[in-house]
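> One structure is given below, represented as structure tokens, and several questions about it will come after.
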Amino acid sequence: MAAREKARHGPRAGADLPTGLRTSRRRWLIVLVVVIAVVGGGSVAFQHARSLARGTRPQSVLLITMDTTRADYLGCFGRTTAQTPNIDRLAREGTVFTRCTASAPLTLPSHASILTGVYPYVHGARENGTGRLAGSNETLAETLKAAGFATQATIASFVLNQQFGIGQGFDVYHDVPRPAVGSPLSAERRGDEVCDDALAMLRSLAGQRFLLWVHFYDPHFPYVSERVKDELSPLAYADEIAFMDTQIGHLLSALRELHLERDTLVIAVADHGEGLNDHDEWEHGCFLYETTLHTPLIFRCPGVIPAGKTVSAQVRTIDIAPTVLELLHRPAWDQAQGVSLTGLFTGQKPDPDLAAYSETFLAQAEYGLSQLRSLTAGGWKFVWAPKPELYRLPSDPGEARNLVAEEPQHAADMLVQLRQLIADAPPPAAKDEASAVLTDTDQALLESLGYVSRPGLQDEGLTELDQFEPRGGNPRDYARSFKLITRELPQLRQQREYKRAEQLLRQLMESMPDAAHLPAHLAEVLDAQGRTDEAAQMFEHAIALAPKGYVSRMKYGTFLRRINRPADALAQFTVVLENWPNNTDALSQMALALTSLGHFDVAKEKMRRALELEPKNVRLLRAMGVICEDTGKLTDAIRYLNEALALDPTFQECEKDRDRVIQKLGW
Ligand SMILES: [Zn+2]
């Protein structure tokens, strides 16, 4: 992958703050030193216990989520070479939880758990890109908004965009613009841009009670560093964390300068960690090891949260929202699986002996292998896999020795506990309404084109316990294959080494015969070699393996549209929309297929629906412009094309479209 242009790790501290703020920072520093001198001493914990009991509460909440941040890459977690002074200072001024576990090693599911206080099998957003946090979930933002808080968020990865439901409850939500070309799933905003945005939000929020969520994505692959050119190097990864730390420093300085520090509860947490080649995993998602599940968690609020305290009890990211609610003196949620951790701040309550659940369905969705679930409790970790794993974390933090054979009773007990956790869970959140996508007219039109909805594609209505047992290959046995797929294959395709890519894919398909993604990849490689018929057959094979597979159907539909089979393409997009009713890519592709078939009005209606969901999507705006052009509405066409170009002036194809329409208009 090509490295992004980043000028990082240069001096920048305080550079964009007004002079007045910089001066007042110094004044506050003096006050702070005096306060520390007066308060300092042995009775700090007692005073905090008293202030919690007396009713001191934070006015506002700043939630900082650090994507892909491994706990052991921070100074406050013992890394001596870490360049994380700002996170470390936050840790010194607050309470650090040294044993916090994420609910999933994936961005959307994990963030959804942070904001809802429930596990992914309850909130339902279980995958990036195709998953969605249903509106029936109650989020921290919704609860605080209802309580009169101003709620704002600025996020840095496309997978957390509003269209995935995670923005519910926020008055203002700044997400990641969809790029004109390339996969939107890898679209991100740099930390300094997010930070500037957050600083502006913070200034606008001063004087109100607020929840501000700031999401940093820099440590996510690809790692960009000025001093380390190897994009897979852990050093480059550490530089990304250092860059993020600098941004967090700006944010915390601004909090102080705006006199918000005393009354604002600051929480810093990671959504998951990163493999960095431990356990043969580069990034995160397919496994449930501590490298990706152990997350740093810090709470700070002067006078409310004890400073310099370390809590080693097992906690979970689902405990964050319930803790915030209690600290703000708001009623607890009935539906939460997480619990408030306030007893651990004061030390008044004993270790609640919590058990942490985690899951991943990524290897199942992409490679037809088994899902994984884990339970971490009392220093033990049990992974429910086709070949179960058991680790004793205090003596084996690297999870090198599987103790299942030596401790069969312990493994069996944890399996019972894991099953019970799911059996006792609250009912899963209701899915969003799937109506409004396929109207009766659509159905009639589709039937006239020979498309018949297949009943096998409806939801099977399986409960979580029905899917409890591991099924299929053990992801751990395929670690090397995952590396070939995520590293070797994209390189071969980028270098147009199609023969070698084909060879590699056929080998991988032999070892992973149920992986629907592989034949879809191969179909594209065959298509690139001009072998259209073979490509079509391979797409059919991919779809037979996973009839609900989003990626295969979208790729196949797009291919069919290109080879001039719009009716067949339409059938593919229809299935996608039956399963993902709010998918704007499927809506716009469907509209383009309908245009080719001459059904302009229905096409425009689909496009309008897509634009309602994503008004700033430049690809949608361009497609709408082209449909308007095709139907002779040239001034409408210009309006949409101009709108796309205003959002992305570098969108060349769109510019060509506009020039052509301008010529037609004779301007
Ligand atoms: Zn993430």
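The values are calculated or read from the model by the stated rules, or taken from the named source; none is laboratory data. These numbers come from a predicted model, not from an experiment. Positions of Cβ are generated from backbone atoms using ideal geometry, with glycine treated the same way; all protein chains shown enter the neighbour counts.
> From 527, 533, 514, grab the single residue that is more than 20 Å from residue 586 (Cα to Cα) and either in contact with a His (Cβ under 7 Å, 6 or more places away or on another chain) or in contact (Cβ under 8 Å) with a residue 40 or more places away in the chain (or both). Even if it seems obvious, please write down each step before you answer.
Values: 527 fails: either in contact with a His (Cβ under 7 Å, 6 or more places away or on another chain) or in contact (Cβ under 8 Å) with a residue 40 or more places away in the chain (or both); 533 fails: either in contact with a His (Cβ under 7 Å, 6 or more places away or on another chain) or in contact (Cβ under 8 Å) with a residue 40 or more places away in the chain (or both).
The unique qualifying residue is 514.
> Restricting the search to segment 140-196, which residues are farther than 20 Å from residue 113 by Cα, within 16 Å of the ligand (Cβ to nearest atom) and touching a Pro at 6+ places or on another chain (Cβ under 6 Å)?
Scanning segment 140-196 gives a single hit, 187.
> Could you please find all residues in segment 209-249 being within 16 Å of the ligand (Cβ to nearest atom) and over 22 Å from residue 153 (Cβ atoms)?
Of everything in segment 209-249, those that are within 16 Å of the ligand (Cβ to nearest atom) and over 22 Å from residue 153 (Cβ atoms) turn out to be 221, 222, 223, 237.
> A further question follows. Inside segment 280-312, can you point out the residues that are within 16 Å of the ligand (Cβ to nearest atom) and on the phi > 0 side of the Ramachandran plot?
Scanning segment 280-312 gives a single hit, 285.
> Would you be able to tell me the number of residues in segment 125-150 that are surrounded by 24 or more Cβ atoms within 10 Å (Cβ to Cβ) and more than 23 Å from residue 430 (Cβ to Cβ)?
Counting residues in segment 125-150 that are surrounded by 24 or more Cβ atoms within 10 Å (Cβ to Cβ) and more than 23 Å from residue 430 (Cβ to Cβ) gives 1.
> Mind checking which pairs have a first residue in segment 540-560 that is in a helix (DSSP H, G or I) and a second that is modelled with pLDDT of 95 or more and of a type in the set (Asp, Glu), Cβ under 7 Å, 6 or more apart or different chains?
Between residues of segment 540-560 that are in a helix (DSSP H, G or I) and residues that are modelled with pLDDT of 95 or more and of a type in the set (Asp, Glu), the close pairs are 555/524; 559/527.
> Here's a follow-up. In this structure, is residue 299 over 30 Å from residue 400 (Cα atoms), crowded, with 23+ Cβ neighbours inside 10 Å and touching a residue at least 24 places away in the same chain (Cβ under 8 Å)?
yes
> For segment 66-92, how many residues meet the condition of being within 16 Å of the ligand (Cβ to nearest atom), outside any helix (DSSP H, G or I) and either surrounded by fewer than 19 Cβ atoms within 10 Å (Cβ to Cβ) or among the small types (Gly, Ala, Ser) (or both)?
Residues meeting the conditions: 0.
> In segment 93-124, which residue that is within 16 Å of the ligand (Cβ to nearest atom) and part of a strand (DSSP E or B) is surrounded by the fewest Cβ atoms within 10 Å (Cβ to Cβ)?
Ranking the candidates gives 100 first.
> Has segment 584-594 got at least one residue that is outside any helix (DSSP H, G or I), touching a residue at least 24 places away in the same chain (Cβ under 8 Å) and either surrounded by 20 or more Cβ atoms within 10 Å (Cβ to Cβ) or in contact with a Ser or Thr (Cβ under 6 Å, 6 or more places away or on another chain) (or both)? Let's see the steps before the verdict.
Residues of segment 584-594 that are outside any helix (DSSP H, G or I), as a first pass: none.
No - not one qualifying residue is present in segment 584-594.
> In segment 256-279, is there at least one residue being without any contact (Cβ under 8 Å) to a residue 60 or more places away in the chain, among the hydroxyl-bearing types (Ser, Thr, Tyr) and buried (at least 22 other Cβ atoms within 10 Å of the Cβ)?
No, that holds for no residue.
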